Amino acid sequence: MYTLSEIADAVKGKLYLSGRNDPEIEDLLIDSRRLISPEKCLFIAIVSDRNDGHKYIGELYGKGVRAFLVSQWPVSPEHDYLKEFPEASFVFAENSLSALQELAGWHRRHFRIPVIAVTGSNGKTIVKEWLSQLLCPELKIIRSPKSYNSQIGVPLSVWKLNPESELGIFEAGISRPGEMERLEEIIRPDTGIFTNIGHAHDEYFFDQKEKVREKLRLFKNASLLIYCADYHLISSCLEESSDYQNLKTFTWSRHQEADLRITQIEKTAGQTLITAHFHSQTLSVTIPFTDEASVENAIHCWALLLNAGGHLKTSKCKNTKPLLIDQQVIATRMKSLAPVAMRLELKEAINNCSLINDSYNSDINSLGIALDFLSQQNQHKKRTIILSDILQSGRDKEELYKEIASQLSFKKVDRIIGIGRDISKFADKFPMTGNFFPDTDEFLTHFPLSSFQDETILLKGARLFEFERISHVLQQKAHETVMEINMDALVHNLNYFRSMLKPGVKTMAMVKAFSYGSGSFEIANVLQFNHVDYLAVAYADEGVELRKAGIHLPVMVMSPEEQSLDTLLKFNLEPEIYNMRILKLLDDAIERNHSSNQEKVCIHIKLDTGMHRLGFAEEEIDALMDFLEGNQKVHIQSVFSHLAASEDTAEDAFTQDQIDKFTKMSNYITQKFSYPVLLHILNSAGTARFPQAQFGMVRLGIGLYGIASSPREKSLMRNVITMKTVITQIKRIRTGETIGYNRMGKADKDMVIAIVPVGYADGLNRKLGNGKGKLFIHGKPSPIIGNVCMDLTMLDLGDAVNLPGTPEENQLQVQEGDEVIIFGDEHPVEDLARDMGTIPYEVLTTISRRVKRVYFHE
């Protein structure tokens, strides 16, 4: 804990104290939405291309925050922080992000403990989490929460170092040249692990060699670096630079001589035996995973443990002793490695509940992240957390659970169900309704699950407590075909579009048609949390569903119907007005609904500029104006139009003509009113391709889900939706036999097929049958054979399975229960749509509601 004046000195900032108090600071906050406790909190107002933290100072001041680090003084001539916020204290720095980094580096220099840093293209988070699992019996460890490895995430992680810490493990990721130097100054690692070289962020580097050189800067002051010698570029970059002459390396390899020479990798029944030569010995470990990524990550951890004696200490005192872990202990612990939960999942649960599943990880830092996710959910008024003991925190237990109780109270959690002997011991610290059990068995045996009703449940437990058993009984749907919606990718795409907008341009997000098949309130909650300005739905009942789920953003209804106008007014929804008939019907409805909570009904005028679907033609505008001028019942919130072919370069002249017509028609309307009216015409593709026509707002639709109008744009966006299923059964088919309805699938040779539980009732179109479409197993395509059935589809596994005479290198080990990708990151929905002869919109919006949606944050 530092005083604000100490922090000002550390970042070379100018200090403005309120009164005589010099606030003590314990927590750093960079996102106003993630506030847990305002006391002893410093808000750092970071300015980025997409946002400006200074906008949220007033909001946080109102919530009790009294310490701020800013880089703008004042915000504008008419604002003065000292007058506006008289009880607040401020530190002024030239650059708030640099100040955060300097502060974390200064904090790091207070600790003389060993620190491990992990970088590489893939596997950083897994290696970090597994090292923590492997070393926690001996050491009190501080590590990066989740995958906090960025220019902001690293300083926030290092800030968590405290006087009880005996080891730090931090991951570092970069996307551009020059970034690793700053992270090295913050982490100052003694030991490093370079996991591998991949193609992430290649676009920002001249070549792979430049990227490796940049990553190696993390270890310029380290004493040991562990890496795989099979990545030859790492070795060559180390040899070419004089900066690493004093850096000791420890290498492992499958193919050449190395300090740890892997001699055999044997995979059987869900586990892998790894054998190696080390110091003239033959050693082996077994891990409970079989995928190649886990094998590589585990070997990095093994190499670190074999070197721990010389580089990790068991005490922070001067008379430190090496940490010695013998090979038998290493082997025992590696065999017990637990999966790392890389994401928070939101699913439908019993009795109209929502379930947030974070059941493999329980520490104080990840609890804060999970509570943030819980606070985004507005679909239910009641919030419940099922929480296990917090293990290996190194903290006084009474103080730990007192702090957790404070966090839960601040985040407005209504009920806690505590599972574990420690948390049960301190049940009196929790002010909300509580039930406590010594273990998961007791909870499942004695707690009435029927008491869960219309609430959001956060499931947060350490692996030891087997909370997956609780998740299983709480989940609503068990259909093995699922749609996974990546909320982080959705926010990434939103911010991609925001980065193109001129200052002050607003965003309207389209959530019609069940948000393009992705969900209603689930998507709207995330968009609301990330400060979208407007939502748009097709019909009033979609807007009503959002209102009932706690969505308070303004909502435009694009196709208001006569019978829905009363409901529309009741729920404060804003209709699109596209002709005189609907306007007059609305006028009548307003007369009928004097009790409406709207002083004036906001409307959105739709103009037809060439789409020739809905909207006022130019010759109809005078009649519209005659009706609206002087009308005290309605307020024109926006005037807009719809581009017909914004993604098609061959139609750019037509698109520009539409924009010109819209400019002329909208100007004619807005000049007749004294108040400001929003204008908007651009959709996702138009936002990227016609920046000169942003007006006051843009409408973002399918682009939010990573569907792009060009390959370049696609490379800058992320896929949001993955649809997957599993293999239900594998069958051998003899030559001449037929498969499926109408015997449309025929075997012209002996073959093996897989049956998967997805059909046209799930949204897999029948046009994909008989070889027109393909699904993917272990990354390889498997054509659909025969007709697509209502609930099932058959796949031709071809020569990829163990048929007589198939060369071993061409065989694919396929088993019942294996995952099958319908579309996703590597196999985009655009390809599936092309096979169907349609567009991605149709594919996404026709996926059945019976397909379970799983929403997750990475």
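Some values worked out for this structure:
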quantity: Yes/no for Ala538 being surrounded by fewer than 24 Cβ atoms within 10 Å (Cβ to Cβ), at pLDDT 90 or above and over 18 Å from the mean Cα position of the chain (by Cα); calculated: yes
quantity: Residue, most open to solvent (accessible area, probe 1.4 Å), within the range 138-175, restricted to residues that are in a loop (DSSP other than H, G, I, E, B) and free of Cβ contacts under 8 Å to residues at least 40 places away in the same chain; calculated: Pro163
quantity: Residue within the range 27-41 that is modelled with pLDDT of 95 or more, under 23 Å from Ile142 (Cα atoms) and of a type in the set (Lys, Arg) present; calculated: no
quantity: Considering residues of the range 489-535 that are among the small types (Gly, Ala, Ser) and under 21 Å from Arg689 (Cβ atoms) only, the residue surrounded by the fewest Cβ atoms within 10 Å (Cβ to Cβ); calculated: Gly504
quantity: Leu464 in contact with a Leu (Cβ under 6 Å, 6 or more places away or on another chain), closer than 29 Å to Trp130 by Cα and not polar (S, T, N, Q); calculated: no
quantity: Complete set of residues in the range 645-674 that are charged (D, E, K, R), closer than 14 Å to Gly686 by Cα and assigned to a loop (DSSP other than H, G, I, E, B); calculated: Glu647, Asp648
quantity: Answer from Glu59, Glu102 - the residue that is assigned to a helix (DSSP H, G or I), surrounded by 20 or more Cβ atoms within 10 Å (Cβ to Cβ) and on the phi < 0 side of the Ramachandran plot; calculated: Glu102
quantity: Residue that is farthest from the chain's Cα centre (by Cα), among those in the range 22-56 that are part of a strand (DSSP E or B) and of a type outside the set (D, E, K, R); calculated: Ile25
quantity: Unmet criterion (only one of (1) assigned to a loop (DSSP other than H, G, I, E, B); (2) open to solvent by 10 Å² or more (accessible area, probe 1.4 Å); (3) touching a helix residue (DSSP H, G or I) at 6+ places or on another chain (Cβ under 9 Å)) for Thr567; calculated: (1)
quantity: Residue in the range 615-627 that is in a loop (DSSP other than H, G, I, E, B) and either among the aromatic types (Phe, Trp, Tyr) or at pLDDT 95 or above (or both) present; calculated: yes
quantity: Looking only at the range 247-295, and only at residues there that are acidic (Asp, Glu) and over 34 Å from the mean Cα position of the chain (by Cα), the one that is surrounded by the most Cβ atoms within 10 Å (Cβ to Cβ); calculated: Asp259
quantity: The range 628-639, subset of a type outside the set (A, V, I, L, M) and in contact with a Lys or Arg (Cβ under 8 Å, 6 or more places away or on another chain), residue surrounded by the fewest Cβ atoms within 10 Å (Cβ to Cβ); calculated: Gln632
quantity: From the options Ser96, Ser48, Ser32, Ser89, residue that is under 25 Å from Leu367 (Cβ atoms), open to solvent by less than 70 Å² (accessible area, probe 1.4 Å) and of a type in the set (S, T, N, Q); calculated: Ser32
quantity: Failed item, numbered, when Glu480 is tested on (1) of a type in the set (Asp, Glu); (2) modelled with pLDDT of 95 or more; (3) in contact with a strand residue (DSSP E or B) (Cβ under 9 Å, 6 or more places away or on another chain); calculated: (2)
quantity: Members of the range 538-565 that are touching a Lys or Arg at 6+ places or on another chain (Cβ under 7 Å) and in contact (Cβ under 8 Å) with a residue 40 or more places away in the chain; calculated: Met558
quantity: Residue match in the range 284-304 (condition: closer than 20 Å to Gly120 by Cα and touching a His at 6+ places or on another chain (Cβ under 6 Å)); calculated: no
quantity: Residue among Lys425, Lys335, Lys382 that alone is in contact with an Asp or Glu (Cβ under 6 Å, 6 or more places away or on another chain), in contact (Cβ under 8 Å) with a residue 24 or more places away in the chain and open to solvent by 40 Å² or more (accessible area, probe 1.4 Å); calculated: Lys382
quantity: Residues of the range 680-702 satisfying the condition of being farther than 30 Å from Glu480 by Cβ and in a helix (DSSP H, G or I); calculated: Ser684, Ala685, Gly686, Thr687, Ala688, Arg689, Pro691, Gln692, Ala693
quantity: Selection from the range 201-223 of residues that are in contact (Cβ under 8 Å) with a residue 60 or more places away in the chain and out of contact with any Lys or Arg (no Cβ under 9 Å at 6 or more places or on another chain); calculated: Glu203, Lys215, Leu218, Phe219
quantity: Yes/no for Val65 being surrounded by 17 or more Cβ atoms within 10 Å (Cβ to Cβ), closer than 28 Å to Ser147 by Cβ and touching an Asp or Glu at 6+ places or on another chain (Cβ under 6 Å); calculated: no
quantity: Matching residues in the range 744-791 - criterion: being open to solvent by 70 Å² or more (accessible area, probe 1.4 Å) and either touching a strand residue (DSSP E or B) at 6+ places or on another chain (Cβ under 6 Å) or of a type in the set (S, T, N, Q) (or both); calculated: Lys746, Lys774, Pro781
quantity: Some residue of the range 717-739 being surrounded by fewer than 18 Cβ atoms within 10 Å (Cβ to Cβ), closer than 30 Å to Thr507 by Cβ and among the basic types (Lys, Arg); calculated: yes
quantity: Residue that is modelled with the highest pLDDT, among those in the range 326-381 that are closer than 26 Å to Lys411 by Cα and among the hydroxyl-bearing types (Ser, Thr, Tyr); calculated: Ser354
quantity: Every residue from the range 491-538 that is closer than 14 Å to Ile702 by Cβ and of a type in the set (Phe, Trp, Tyr); calculated: Tyr496, Phe497, Phe514, Tyr516
quantity: Residue satisfying all of: in the range 3-18; surrounded by fewer than 19 Cβ atoms within 10 Å (Cβ to Cβ) and touching a residue at least 24 places away in the same chain (Cβ under 8 Å); nearest to the chain's Cα centre (by Cα) among these; calculated: Ala10
quantity: Residue match in the range 446-454 (condition: in contact (Cβ under 8 Å) with a residue 60 or more places away in the chain, acidic (Asp, Glu) and within 22 Å of Asn525 (Cα to Cα)); calculated: yes
quantity: Options Ile262, Ile226, Ile299, Ile274: the member that is in contact (Cβ under 8 Å) with a residue 60 or more places away in the chain, outside any loop (DSSP other than H, G, I, E, B), among the β-branched types (Val, Ile, Thr) and in contact with a helix residue (DSSP H, G or I) (Cβ under 9 Å, 6 or more places away or on another chain); calculated: Ile226
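The values are calculated or read from the model by the stated rules, or taken from the named source; none is laboratory data. The model shown is predicted, which means the values in this text are computed figures rather than measured ones. As a convention, Cβ positions derive from the backbone with ideal geometry for all residues, glycine included, and neighbour counts pool all protein chains shown. Surface areas here come from the heavy atoms of the whole protein model, side chains and all, with no ligands, DNA or RNA. Shrake-Rupley method; radii C 1.70, N 1.55, O 1.52, S 1.80 Å.
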